[in-house]
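Notes to accompany the following structure.
The values are calculated or read from the model by the stated rules, or taken from the named source; none is laboratory data. These figures come from a predicted structure and were not determined experimentally. When we count neighbours, we look across all protein chains shown, and the Cβ atoms used for this are built from the backbone with ideal geometry, even at glycine. What goes into the accessible areas is simple: the full protein's heavy atoms, side chains included, and nothing from ligands, DNA or RNA. Shrake-Rupley method; radii C 1.70, N 1.55, O 1.52, S 1.80 Å.
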Amino acid sequence: MDGLTPPAGEVSRTDRGQLLLVSAVALAVLFVTLAVILTTAIHTETIATGASETDNERAVVTHQASVDRHAGESIERVNEADHDTYESLEADLRERIAAWNDLSSRHDGGAGAASNVSLVAVTEGTRIVHEDGAEDFTNATGEQSWTVADDVSATRDFRMTVTRQSLRAPGGKSCDESGDCFEVTIDDGTDTWTMAVSAAQNEVVVDVENTSGDHTTCSVANQSAEIDLLAGTIEDTPCPALRFVDDVESSYDIHYGNADNASGTYTLTVDRRLSESPAVGGSPSYEPVIDDATLAVSYRTPAVQYETERRVLPGDFDD
Amino acid sequence: MDVTGRDRPDDRGQALTLEAVVAAIFILGSVAFALQLVAVTANTGSTADEGIESQHRGVAEGLLDAAVEDGSLHATLRYWNETDGAFHGADPNGGYYVATSPPTEFGALLDRSFEDRHVRYNVNVRYATANDVETKRLVVHGTPTDDAVRVTTDLTLYGDEQLLAADETPTNTTLAEADFFAPDAVPGSDVYTVVRVEVIVWTA
């Protein structure tokens, strides 16, 4: 049995074999543990930085869209209400914006954001309304050739309904030749755009002469015709030539000619405070309206800070 | 046999080789496992989650924007039955719709957007009271998971707007007069209140 134990002084290779295995197992465990830790770290980081960028942008965009929507609705409602002065219009709008701000910032506060909206300024506009369908389109003093609005940069609304019976029927001649059809003239200082309205047989005929001198005719067979000069329609049928805003430079004057040769109603809204004061009982009436409002908007979260001044138009208008 | 025991290494040689091979297999195997784990699991799993989440978010945002634009969300908020104190056709227990969409245009839009049966959603309406902001449930499909997506929008309700009857036509009762789930937050103005509608979407 002497050969069983290795002689003293000689290194035992049996022990070294087990050492190799043990250290191999230890390394394997180390690698796997490292891998698990690394995976967890990467995974956590990916989730943490995931959607928060877009969350911030979305929150600001949503807030701004809500502000625009409410402000647009408010301006419309304020303009519909009975206000006699620009001061009372502005005060009403300011109050509405403040009330909305109060409620909206409570919602935002619950979501961890500080938001604020306030009214900075309004631009005054005028709405010119002629409501008595039996009366002709002359002004309060009875002039048949008169300036409805001067120095206008933007028209927000321009609709008229004319009754066919009241219109001139030039009888074979064009309105240019006969010279007595009711006309709307837009004059921007260098060019003029004219719309002449007349009757022919059972139709209401609209003859547009644009700034280059081209004539376009649209007509509708009806007792009365609703002409929308901004939408470019006559009784809801498209007539793109009617859109004078595409043709004239701003700013421009709006004239009526031969206004005693048309009856019906009209309403137009321009973006300026006109010097005409409302004639009591006269027609048309000039009403104060708000053309647009400038708001100061701010929105703050720990991650984003947003401040701007923003111009809002009434209703669904895009500028 | 030698006195020094030199014969012994022959037997030990095979055992040692075997152990070395096993050790090598251990190490190589663990390295391969570790590399594969990091490369595949860390990135793939979260990318898939993120993809689904942003898809839900996109659908919910589009749906809310469309519903605000065409007025169908506004109409559904007014689809209130004041005698029952609940929305028309809602579950009588809670006054909200359980596991179904409202029978309105907005409900049809919700159905179209979330056709996949695995996608669940809740719709809540938050409104201000005198001291607090409370939540009124509109649609409940269950409890959201941790990875649910939440999208909100604000709407203004006016006191002169009318409640809608069960067939979506306007009734003669205005919000100012009605027994509505939200109180009049701005008495004395024609603004009734401002609500925040939230849509929560998750995969079941």
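Taking the accessible area of region B:143-198, probe 1.4 Å, and keeping the other protein chains in place, the carbon and sulfur fraction comes to 43%.
Mean per-residue shielding of peptide B:27-39 is 5, counting Cβ atoms of other chains within 10 Å of each Cβ.
Neighbouring Cβ atoms from other chains, within 10 Å of the Cβ of residues in B:189-198, number 5 on average.
Report the gain in length on full extension from A:E131 to A:T147: 0.36 nm times residue separation, minus Cα-Cα distance, nm rounded to one decimal.
That works out to 3.9 nm of additional length.
Between chain A and chain B, the total buried accessible area stands at approximately 4000 Å², from heavy atoms with a 1.4 Å probe.
Contact order, relative form, for chain A: 27 percent (alpha carbon pairs under 8 Å, 6 or more residues apart, mean separation divided by residue count). FRET efficiency for the pair A:T294 and A:I37, taken as 1/(1 + (r/R0)^6) with r the Cβ-Cβ distance and R0 = 56 Å, rounds to 0.50.
Each residue of region B:179-186 is assigned a 3J(HN,Hα), and the resulting list reads 8, 9, 5, 9, x, 6, 7, 10 Hz, derived from the Karplus form 6.51 cos²θ - 1.76 cosθ + 1.60 (θ = phi - 60°), x at Gly and Pro. Between A:S88 and B:L37, the modelled labels are 7.8 nm apart [label points 7 Å from Cα along Cα→Cβ]. Residue ranges A:83-91, A:284-292, B:178-186, A:157-165 sort as A:284-292, A:157-165, B:178-186, A:83-91 when ordered by packing (mean number of other C-beta atoms within 10 Å per residue, highest first).
Treating each Cα of region A:124-179 as an identical point scatterer and summing with the Debye formula, the log10 of I(q)/I(0) at q = 0.20, 0.26, 0.29 Å⁻¹ comes to -1.03, -1.23, -1.28. A cut-off under 12 angstrom between Cβ atoms defines the neighbours of B:L164, and their net charge, with Lys, Arg +1 and Asp, Glu -1, is -4.
Using Cα pairs closer than 8 Å and at least 6 residues apart in sequence, work out the relative contact order for chain B, in percent. Relative contact order for chain B comes out at 22 percent. Annotation: amide H-H contacts under 5 Å for B:A165 (H modelled 1.01 Å from N, sequence separation of 5 or more, or interchain): B:T171. If you run the Gaussian network model on chain A, springs between alpha carbon atoms under 10 Å, then out of A:V32, A:V152, A:V129 the most flexible one is A:V32. Compute the acute angle (0 to 90°) between the alpha-carbon long axis of helix A:13-48 and the principal axis of greatest extent of the alpha-carbon atoms of chain A; round to the nearest 10°. In chain A, helix A:13-48 runs at an angle near 10 degrees to the longest axis.
Axis of helix B:8-69 versus longest Cα principal axis of chain B: the two differ by about 10°, to the nearest ten degrees.
D for region B:56-158, whole µm²/s, Stokes-Einstein with Kirkwood Rh over alpha-carbon pairs at 25 °C and 0.890 mPa s: what number?
170 µm²/s
Both the radius of gyration and Dmax for chain B are 31.3, 117 Å, in that order, over alpha-carbon atoms. Phi-derived couplings, Karplus 6.51 cos²θ - 1.76 cosθ + 1.60 at θ = phi - 60°, listed residue by residue for region A:106-121: 5, 4, 5, x, x, 9, x, 10, 9, 10, 8, 10, 9, 7, 9, 7 Hz, with x used for Gly and Pro. Across B:T143, B:T193, B:T100, the residue with the most accessible area heads the list, and the full order at a 1.4 Å probe is B:T143, B:T100, B:T193. Once backbone amide H atoms are built at 1.01 Å from N, B:T100 has B:V140 as its partners under 5 Å, excluding neighbours fewer than 5 places away on the same chain. Just to confirm the number: angle between the C-alpha axis of helix A:52-80 and the first principal axis of chain A, 0 to 90 degrees, nearest 10? Helix A:52-80 sits roughly 20 degrees off the main axis of chain A. Go ahead and run the numbers for FRET between B:D160 and B:A99, Cβ-Cβ distance against an R0 of 45 Å, rounding to 0.05. For R0 = 45 Å, the calculated efficiency reads 0.85.
Its Cα gyration tensor gives region A:136-275 an equivalent ellipsoid, and the semi-axes of that ellipsoid, as √(5λ) in whole Å with the largest first, are 22, 16, 15. When the charge dipole of chain A is built from unit charges on Cβ atoms (+1 for Lys and Arg, -1 for Asp and Glu) and taken about the Cα centre, the candidate among A:N222, A:N139, A:A65 whose Cα reaches farthest toward its positive end is A:A65. Comparing B:L64, B:L16, B:L110 in a Gaussian network model of chain B where C-alpha atoms under 10 Å apart are linked, the largest mean-square fluctuation is found at B:L16. When A:T233, A:T147 are compared by accessible area at a 1.4 angstrom probe, the order from most to least is A:T147, A:T233. Evaluated at q = 0.14 Å⁻¹, a Debye calculation over the C-alpha positions of region A:65-104 (equal weights, vacuum) places log10 I(q)/I(0) at -0.29. Peptide A:101-111 is shielded by partner chain Cβ atoms: per residue, an average of 5 of them sit within 10 Å of its Cβ. A Förster distance of 51 Å, applied to the separation of the beta-carbon atoms of B:A15 and B:D147, puts the FRET efficiency at 0.45. Here the 3J(HN,Hα) profile of region A:197-214, calculated from phi with Karplus coefficients 6.51, -1.76 and 1.60 at θ = phi - 60°, is 10, 9, 10, 9, 6, 10, 10, 9, 10, 10, 10, 9, 10, 7, 5, 8, x, 7 Hz, Gly and Pro shown as x.
The mean accessible area for residues of region B:53-190, using a 1.4 Å probe and ignoring ligands and nucleic acids, is 49 Å² per residue. For the pair region A:117-165 and region A:17-34, the centres of their Cα atoms are 91 angstrom apart. Once the convex hull of all Cα atoms in the protein assembly as shown is built, its volume per residue stands at 268 Å³.
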